[in-house]
């Protein structure tokens, strides 16, 4: 319990300070032509993938497998995307914005909790169960293609490094030139021998 509290506290602090929200992050790709959020997302997925498959390799954990309900996945992703656009925040963004006191964050979390309860054990349960029937035989990518998961992890790490290099080379993140001393200490370095204005 205590470890969960500490990890949750650190995660919430990082989400709030980094403003890690999928809505604003993907919006910045189109509006600002910035890959900053996408790079951070790939870094997080790369670290998670290396950790998960390392633990699975040593038999510490077992990664579950399940078949793909294609229609439910597509419909759920579409509805979730529409909900994020209307709420102007994603799940993680709703949490830290609620902590900041934003009313929209409270409404988004309330709607999220109500719809989750309705689909799992409420009035929408039977409609959702119908969409989960007859799933495809597709599974995880490495099981579908009968390959080692480390091939995909290496490809992911390479893509992450490429994104990081492109982002680092962008003009936005080049180190600025040192400021002039007159900007730091204007009263000391300002010129006083200029003639008065007529």
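Miscellaneous remarks
- Conditions (1) at pLDDT below 85; (2) part of a helix (DSSP H, G or I); number of the one not met by residue 109: (1)
- Restricting attention to segment 38-93, the residues that are in a helix (DSSP H, G or I) and either assigned by TED's automatic domain parsing to the domain that holds residue 158 or touching a residue at least 12 places away in the same chain (Cβ under 8 Å) (or both) total 31.
- Applying the criterion of being more than 19 Å from residue 97 (Cβ to Cβ) and assigned to a helix (DSSP H, G or I) to the residues of segment 1-20, the residue that is farthest from the chain's Cα centre (by Cα) is 2.
- Taken together, 155, 147 contain a single residue that is under 21 Å from residue 45 (Cα atoms) and outside any loop (DSSP other than H, G, I, E, B), which is 155.
- Within segment 21-37, tally of residues that are touching a helix residue (DSSP H, G or I) at 6+ places or on another chain (Cβ under 6 Å) and part of a loop (DSSP other than H, G, I, E, B): 3
- Unique match (being out of contact with any strand residue (DSSP E or B) (no Cβ under 7 Å at 6 or more places or on another chain) and under 28 Å from residue 27 (Cβ atoms)) among 85, 121: 85
The values are calculated or read from the model by the stated rules, or taken from the named source; none is laboratory data. As the structure is a computational prediction, the values presented were derived from the model and not from experiment. With ideal geometry, Cβ positions are generated from the backbone for all residues, glycine too; neighbour counts draw on all protein chains shown.
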